[in-house]
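Inspection log for the structure reproduced underneath, given as structure tokens.
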Amino acid sequence: ETGRKLFLGPVDFLKGVVAMSGLPPADRLEVCFAGRSNVGKSSLINALTGRKGLARASNTPGRTQEINYFTVGDERYIVDLPGYGYANAPVAVVEKWQNLLKQYLSGRQTLRRVFVLIDARHGAKKVDEEIMTLLDRSAVTFQVVMTKVDKIGQKQLNESLEATREALSRHPAAFPEIVLTSSDKGDGIATLRAIISTID
Ligand code: GTP
Ligand code: MG
């Protein structure tokens, strides 16, 4: 499958990384998608790029097991991360990902924004809070993206939004705008594309 031009240029898979030493050269800006296992990170990347099979998505938590780099034109990277929190994988393996994830999120010079994905049905959990605190300490700007909004009604969505706004008010590295998305129905996808294209 060849790259199709969608927002900033053609998107292509570059590599899967399993250790900090495997990261590509920090020669362009990047944004990444973080969140609990199964929240919809890979699906969102597919929706954003319009390429269904680009990032592997599945109903089994723990599908993405490497830091997956995608090139967007020759100006930036988008990065799909393994989920944090519960995953269908041995404890030792999960611990290894978590360590890599923390090193990556706190130590990548060219990382401009972390999109922290939160399931609209569940709101921010303790592990989300921990990641947001890590990002505060590392002074890495993050922005919350609510996923799977197609699965809930307006009232529940408003409650979830309210609680999330409240949580974000305690995080200095948080970007205030919350993006509401559905990778299935397409809500918020164009908005998120536009946001990504303005990051420099
Ligand atoms: P890991 O790689 O395991 O951390 O998961 P992930 O965050 O990449 O989630 P993934 O994209 O693999 O999606 C998990 C499941 O949620 C899949 O069954 C998707 O089809 C489903 N899903 C993702 N986004 C949406 C959405 O917007 N709406 C609905 N209804 N389902 C979604
Ligand atoms: Mg994934």
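What follows is calculated from the coordinates using simple rules that are stated; it is not laboratory data. Bear in mind the structure is a predicted one, so any value in this text is a computation, not a measurement. Note that each Cβ is placed from the backbone with ideal geometry, even for glycine, and that neighbours are counted across all protein chains shown.
A compact table of results
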quantity	calculated
Relative contact order [Cα under 8 Å, 6+ residues apart], region 1-118, whole percent	36 percent
Order by protection proxy (mean Cβ within 10 Å, highest first), peptides 40-52, 128-140	40-52, 128-140
Flagged links, alpha-carbon separation over 29 Å, of LYS15/LYS102; LYS96/LYS155; LYS41/LYS126; LYS125/LYS155; LYS96/LYS151	LYS96/LYS155; LYS96/LYS151
More than 21 angstrom apart: percent of Cα pairs within region 11-198	46 percent
Dipole of the chain [Lys/Arg +1, Asp/Glu -1 at C-beta], most positive-end residue of MET146, THR164, ALA92	ALA92
For the chain: relative contact order, % (alpha-carbon pairs under 8 angstrom, 6 or more apart)	22 percent
Counting DSSP beta bridges with both ends in the chain, the antiparallel % (nearest 5)	35 percent
As computed over region 115-200, the Cα convex hull volume per residue (Å³)	84 Å³
Local electrostatic count at SER42 - Lys and Arg +1, Asp and Glu -1, tallied over other residues with Cβ under 15 Å	+3
